[in-house]
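Report on the structure given below.
The values are calculated or read from the model by the stated rules, or taken from the named source; none is laboratory data. Not measured: the values here are computed from a predicted model. With ideal geometry, Cβ positions are generated from the backbone for all residues, glycine too; neighbour counts draw on all protein chains shown. Remember, those area values only see protein heavy atoms, side chains included, never the ligands or the DNA or RNA. Shrake-Rupley method; radii C 1.70, N 1.55, O 1.52, S 1.80 Å.
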Amino acid sequence: MTDVSSPDPTDAAVIPRSRVWSWALWDWGSAAFNAVVTTFVFSTYLASGLFVDPAIVAAAGDDDRNPDLVAALAANASLVGVALMIAGIVIAVLAPVLGQRSDGSGRRKLWLGINTFVVVLSMAAMFFVEAAPGYLVLGATLLAVGNVFFEFAGVNYNAMLVQVSTRKTMGRVSGFGWGMGYVGGIALLILLLVLFIQNFGAEGTGGVLGITTDNGLNIRVAVVASAIWFGLFAIPVLVRVPEIEAQSRRVRVGFFRSYAVLWKTLTSLWHGNRQVLLFLLASAVFRDGLAGVFTFGAIIAQQVFGFSSTEVLYFAVAANLIAGISTIASGRLDDRFGPKNLILFSLVGLVVTGTAVLFIGSAQGGFWVAGLILCAFVGPVQAASRSFLARITPAGREGEIFGLYATTGRAVSFLAPGLFALFVGVTGDTRLGILGIVLVLLAGLFLMLPVKAKQAAID
């Protein structure tokens with residue numbers, strides 16, 4: 001594997017390889033939330049027939065196209081969308097202030113650790129979400145809480161990119177981190193399949209451990225195991241990566257005063273770096289589309305293409321493999337051709353492939369092909385967006401700027417969940433929810449076109 005920590009000879013700083021790996025292992029562990037909770041396991045568990053009124057399920061029998069059953073499943077998917085929309089509002093209000101305050105205190109690692117711990121705790125609490133309609137709201141609430149604190153943790157984690165890379169290697173290191181997340185997803189999903197989910201012959205049990213599927217127990221235990229996974233792999237970054245340098249720290253102000261500082265930052269960008277605001281707006285829109293792909297892709301696979309929970313995980317393993325390879329490889333393209341070009345190319349691929357999902361019928365083979373192509377473009381957009389902003393952020397303000405990055409992303413985070421819920425609610429067809437996601441990605445693409453490839457550093 002390429003040594004992403006090897007600096008360009010013109011760089012003054014040499015970043016130890018161990019520091020890069022320790023930082024990237026948080027991404028590796030975060031697959032426990034991204035892949036297991038948000039995308040492939042817990043979200044599809046909530047959207048399954050297990051949380052539909054048993055009377056409706058009994059009346060439908062083996063008819064997966066029963067109108068009442070389809071409507072009930074769509075309603076559950078819409079509830080998940082609403083919960084995530086509320087989470088987005090909370091993130092939009094608090095993320096930049098919390099990032100700014102971590103800059104001022106010089107305690108990025110502390111807040112990364114605290115927020116990660118809350119995510120792990122919310123994942124562990126998902127054990128209590130039994131497979132019954134009465135537990136759906138609890139499940140959606142825990143999913144929303146996890147998303148809020150995962151985003152808060154991500155603000156500090158992304159800000160630490162400048163502590164593990166140089167200006168010449170940011171693209172590679174950022175891509176390596178995202179790629180590690182996807183590879184970690186593969187390892188974890190295979191473990192969950194073997195230990196808890198795949199049926200190996202005994203009726204009503206999952207995995208080689210033979211855990212019963214009653215009340216979704218095998219899925220709930222799998223999520224607890226994922227929480228432990230995340231907690232363990234979050235430790236290296238907290239131990240091996242040094243804290244922000246003292247001379248880079250900013251003066252810390254009171255909580256409400258922080259909003260005044262935030263407003264000053266925004267007005268300063270408006271007058272001096274308006275292109276940065278344009279990038280923040282464009283990335284806010286297309287990142288919301290990416291979140292829609294992650295959140296609702298597996299739900300579409302299950303409800304439209306008839307994937308079982310096990311088949312969803314098989315797809316997840318393949319999807320993470322493709323995404324991991326493409327993201328790590330794209331890091332060098334980022335450093336060579338620039339993050340904007342990589343973002344535009346990937347967004348075009350996402351729009352074209354997402355649109356194709358509307359026309360491939362209901363055969364699982366079609367979804368396999370379209371879904372895997374889609375996954376090849378997702379990671380490069382994420383990694384290049386992170387490196388784009390890190391390259392122009394002054395030392396000591398990374399938490400504040402990445403907090404603003406999170407806020408702008410969440411300021412429009414109602415778009416993909418809202419449009420997904422709207423299209424599904426109006427038509428009663430979960431497949432058409434992808435149309436809402438594609439429209440958000442297309443809007444982000446158009447907004448990104450006028451953004452300059454080479455930006456002046458933020459003053």
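Could you tell me whether region 310-326 includes any residue that is open to solvent by less than 50 Å² (accessible area, probe 1.4 Å), in a helix (DSSP H, G or I) and at pLDDT 90 or above?
Of the residues in region 310-326, the ones open to solvent by less than 50 Å² (accessible area, probe 1.4 Å) are 310, 312-313, 315-320, 323-324, 326.
Next cut, in a helix (DSSP H, G or I) only: 310, 312-313, 315-320, 323-324, 326.
Imposing the further condition that a residue be at pLDDT 90 or above reduces the set to 326.
Taking every residue of region 310-326 in turn, at least one turns out to be open to solvent by less than 50 Å² (accessible area, probe 1.4 Å), in a helix (DSSP H, G or I) and at pLDDT 90 or above.
Among the conditions (1) touching a residue at least 24 places away in the same chain (Cβ under 8 Å); (2) closer than 22 Å to Asn76 by Cβ; (3) not acidic (Asp, Glu), Leu138 misses just one, which is (1). What about Ser122, is it modelled with pLDDT under 80 and polar (S, T, N, Q)? So Ser122 fails the test.
No other residue among Ala58, Ala72 is open to solvent by 10 Å² or more (accessible area, probe 1.4 Å), under 20 Å from Gly433 (Cα atoms) and either modelled with pLDDT of 80 or more or not in a helix (DSSP H, G or I) (or both) apart from Ala72. Contact map, region 105-125: first residue closer than 14 Å to Asn147 by Cβ, second residue of a type in the set (Lys, Arg) and assigned to a helix (DSSP H, G or I), Cβ cut-off under 7 Å, separation 6 or more or different chains; the map is empty. Among the residues here, Ser174 does not qualify as closer than 22 Å to Val41 by Cα, of a type in the set (S, T, N, Q) and either crowded, with 16+ Cβ neighbours inside 10 Å or within 16 Å of the chain's Cα centre (by Cα) (or both).
Every residue, every condition in (1) surrounded by fewer than 19 Cβ atoms within 10 Å (Cβ to Cβ); (2) modelled with pLDDT of 80 or more, yes or no:
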site	(1), (2)
Ser387	no, yes
Tyr405	no, no
Thr427	yes, no
Val438	no, yes
Leu447	yes, yes
Ala456	yes, no
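Apart from one condition, Thr169 fits all of (1) in contact with an Asp or Glu (Cβ under 9 Å, 6 or more places away or on another chain); (2) within 19 Å of Ala234 (Cα to Cα); the exception is (2). Using the structure shown, decide if Phe176 is in a loop (DSSP other than H, G, I, E, B) and either out of contact with any Lys or Arg (no Cβ under 8 Å at 6 or more places or on another chain) or aromatic (Phe, Trp, Tyr) (or both). The answer is no for Phe176. Count of region 267-284 residues, restricted to those that are in contact (Cβ under 8 Å) with a residue 12 or more places away in the chain and open to solvent by 10 Å² or more (accessible area, probe 1.4 Å), is 6. Residues that are at pLDDT below 90, in contact with a Ser or Thr (Cβ under 7 Å, 6 or more places away or on another chain) and open to solvent by less than 60 Å² (accessible area, probe 1.4 Å): does region 206-218 have at least one? Scanning region 206-218, I find at least one residue that is at pLDDT below 90, in contact with a Ser or Thr (Cβ under 7 Å, 6 or more places away or on another chain) and open to solvent by less than 60 Å² (accessible area, probe 1.4 Å), so the answer is yes. The set of residues from region 137-163 being modelled with pLDDT of 90 or more and open to solvent by 10 Å² or more (accessible area, probe 1.4 Å) comprises Val137, Leu138, Thr141, Leu142, Ala144, Val145, Asn147, Val148, Phe149, Phe150.
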